[in-house]
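Only one structure is covered here, and it is reproduced in the block below.
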Amino acid sequence: MRKKNAGALFMDFHISPDDRVGGRPKKARGRAAVAKKAPRGSRVEPQFDDSAVYADGPPRRGKPQRGKAKKVRGRRKPLTLSRMFGKLVYWLFVMGVWGGIAVAGIVIYYAVQLPSSDTWAVPDRPANIRIVSSDGQLLSNRGKTGGEAISLRELPYYVPAAVLAIEDKRFYEHIGVDPIGIIRALINNTAEGRITAGGSTITQQLAKNLFLTPDQTIGRKVQEALLALWLEQNYNKEAILELYLNRVFFGNGATGIEAAAQVYFGKSARNLSLGEAAVLAGSLKAPSAYNAKKDPEGAAQRARVVLREMADEGYISAAEAKAAAIDPNQRIRTKVTGAESYVADWVESLMTAYIGEINEDVIVSTTIDWDLQKHAEFVVREAVANQGEERGFSQGALVAMDVDGTVRALVGGTDYAQSQFNRAVSARRQPGSAFKPFVYLAAMEKGYTPETVADDAPFDYNGWSPQNASGKYAGPVTLRNALAYSLNTVSGRLAIDVGPEKVVEAAMRLGISTPMAAVPSIALGTSEVSLLELTAAYAPFANGGIGVIANVITRIETASGKVLYEAIPAGPGQVIQPEIVAEMNDMLTTALEIGTGKKAQLDGWPIAGKTGTSQKARDAMFIGYSARMVTGIWLGNDDDTATKLSGGNVPVEIWSAFMTKAHAGMAVAELPGAYVRTEVTDVALQPMEQPERPKRTLVDLLGDIFAGN
């Protein structure tokens with residue numbers, strides 16, 4: 001027995017050869033060998049014998065697994081309906097959260113692009129200019145909106161009701177943005193397969209009109225919603241609805257319910273019928289598509305939809321809706337824009353000069369007589385319609401004023417809807433012989449008289465050779481007859497004799513403001529002037545020699561009644577001496593008794609005037625007057641083409657028809673000045689060699705002179 005080591009009192013072991021360093025281990029056999037090989041990943045408990053104990057249990061039988069051990073999973077639970085619903089709710093919630101975050105980000109992104117809400121304010125409505133006749137009749141509205149603002153309480157109840165029924169049924173329930181309305185619109189649009197309704201509320205539409213551009217973008221819709229919420233927080237529902245009705249666009253240049261009522265029906269929104277209110281409300285969806293002027297049938301059909309919606313919402317009964325519906329076989333009767341719009345344009349052009357910049361609604365009272373204005377429009381249109389094609393003219397203009405320059409009627413064309421160009425105020429035309437009174441005025445002021453004899457014969461003056469329109473010449477003739485028969489050679493001789501500059505000075509003194517060239521040919525009316533200034537320049541002949549300024553505005557005041565302008569009598573004073581006025585009236589009266597204007601008639605009134613026809617008959621004029629009124633007529637074409645007119649035919653006919661109406665009920669009055677005719681004075685004007693002519697009496701010669709210039 002081996003002796004125990006002193007240091008090993010309790011343990012007795014020895015090292016076998018196999019345990020030595022470099023010793024060869026014995027091969028394990030059978031199950032022990034397998035058991036000793038620990039699977040990868042298993043924890044081995046330390047032992048002192050040949051066996052091994054595994055904390056994870058004995059290894060599985062079979063082929064040893066390599067690599068990482070697979071996790072052991074439990075059995076899947078069956079997919080039930082409740083589990084499916086739960087998952088759906090879960091994912092919808094997740095998507096909603098992320099969608100909400102995305103929407104919030106978009107809202108914040110576009111919100112920061114708006115100015116600070118502290119600076120938000122409803123912009124002032126552009127000022128309206130309400131222009132009325134002398135008796136208060138509305139002529140037209142002018143300004144960017146085309147109509148004045150009107151309060152909600154001034155409207156019939158069915159006007160705002162029609163708008164709410166078709167545009168925003170839940171107006172009084174939503175907060176500016178209507179999710180229910182949006183969902184309903186989506187459902188309807190999906191069912192129809194096309195966009196039939198929008199989700200924007202009236203408040204959103206107002207926000208767009210007030211603050212934003214009409215661009216159809218996500219950014220604009222987001223900003224529109226934010227601004228709608230702000231409007232709802234700062235204004236009550238009635239104020240929002242009133243703002244909307246006064247700012248929404250109805251087409252045809254009409255912004256606001258009052259402008260639309262005037263444009264389409266020629267009446268105030270205060271007087272709209274139920275059917276008319278439905279027409280206007282129906283147009284809001286698409287003013288260009290449901291325009292009562294452009295497409296009356298489409299507008300009527302849309303109006304029936306509005307009336308049905310009003311009945312469904314309880315605003316009106318079904319019987320009222322049926323009664324108000326427009327008969328499909330009848331067209332909507334809309335207002336025809338009249339010639340008074342030419343007056344309104346002229347008045348609007350004067351406003352800045354009268355009161356400066358316009359910052360609030362104003363009412364402009366004018367001198368226009370409504371009845372005479374409509375009569376003037378009628379006679380001009382009738383002449384163009386009845387004789388225009390035959391005589392080759394398509395346009396006409398008329399200016400009528402009292403002898404103090406107060407304008408009573410003005411027609412700037414035959415159809416304002418077709419052409420807004422004002423031929424009475426803005427057009428400049430050659431007056432032809434209608435300018436000759438200023439030549440004769442200069443001659444009278446030099447000392448000539450109506451009995452002064454001049455030679456009607458061809459002549460040449462520095463290359464200028466005026467000729468009579470008829471090609472015939474009368475020889476010696478008094479100035480009275482020379483003006484009556486509109487002899488060009490005599491007028492030319494007078495202009496040369498007194499000096500063209502004197503003729504220009506006389507014309508400007510009487511009111512012609514258009515620049516004129518001081519040349520001999522001015523004697524034949526070659527310088528272009530407007531019908532308005534030419535008519536006003538005749539007024540001194542009718543009133544005793546007092547110069548006038550054509551005036552149309554009598555008063556301008558704000559809607560609250562503050563007076564901004566009040567007309568006072570004004571003018572250049574005496575521009576013709578009374579004795580000269582008498583001589584001019586003597587000659588111009590003769591022109592209507594035996595001369596080119598002899599067709600003019602005025603029921604026993606003493607009248608005077610002068611016809612005028614420009615070169616190639618491109619313009620035909622007549623300016624005539626009584627002791628009460630001066631009226632000027634122009635006919636022609638906008639393209640300056642020749643006509644078959646003369647101042648003595650159609651223009652005189654129009655003048656007579658209008659002046660007869662204008663003088664109805666007036667007491668007959670004599671023209672100013674009483675000229676006593678004296679002996680004929682034989683004065684040679686620019687004597688020159690004349691061709692030899694056969695001897696004829698003056699009466700025979702004058703009979704050959706044309707009567708149409």
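The values are calculated or read from the model by the stated rules, or taken from the named source; none is laboratory data. Values in this document were obtained by computation on a predicted structure and should not be read as measured data. Quick reminder, even Gly has a Cβ in these numbers, built from the backbone with ideal geometry, and neighbours come from all protein chains shown. Areas reflect the complete protein model, heavy atoms only, side chains present, ligands, DNA and RNA absent. Shrake-Rupley method; radii C 1.70, N 1.55, O 1.52, S 1.80 Å.
Within segment 531-669, how many Lys pairs that are eight or more residues apart, or on different chains, come under 26 Å at the alpha-carbon? Value for segment 531-669: 11. Counting lysine pairs in segment 205-288 that sit 8 or more residues apart in sequence, or on different chains, and whose Cα atoms lie under 19 Å apart gives 4. Within the accessible area of segment 401-472, what % is carbon and sulfur when the probe is 1.4 Å and the other protein chains stay in place? Its accessible area is 43 percent carbon and sulfur atoms. Solvent-accessible surface of segment 373-505, taken per residue with a 1.4 Å probe and all protein chains present: 32 Å².
Taking label positions 7 Å along the Cα-Cβ direction at both Lys267 and Glu670, the computed distance is 5.2 nm, reported to one decimal. Rolling a 1.4 Å probe over the protein heavy atoms gives segment 546-674 an accessible area of 40 Å² per residue.
Accessible surface calculations at 1.4 Å, restricted to protein heavy atoms, place segment 284-368 at 53 Å² per residue. Each Lys or Arg adds one and each Asp or Glu subtracts one; over the other residues with Cβ under 10 Å from the Cβ of Ser486, this totals +2.
Positive contributions from Lys and Arg (+1) and negative ones from Asp and Glu (-1), summed over other residues with Cβ under 15 Å from the Cβ of Pro156, come out at -2. Charged neighbours of Glu583, selected by a Cβ distance under 11 Å, balance to -2 (K, R count +1; D, E count -1). Put simply, when 263-276, 388-401 are sorted by average Cβ atoms within 10 angstrom per residue, most first, you get 388-401, 263-276.
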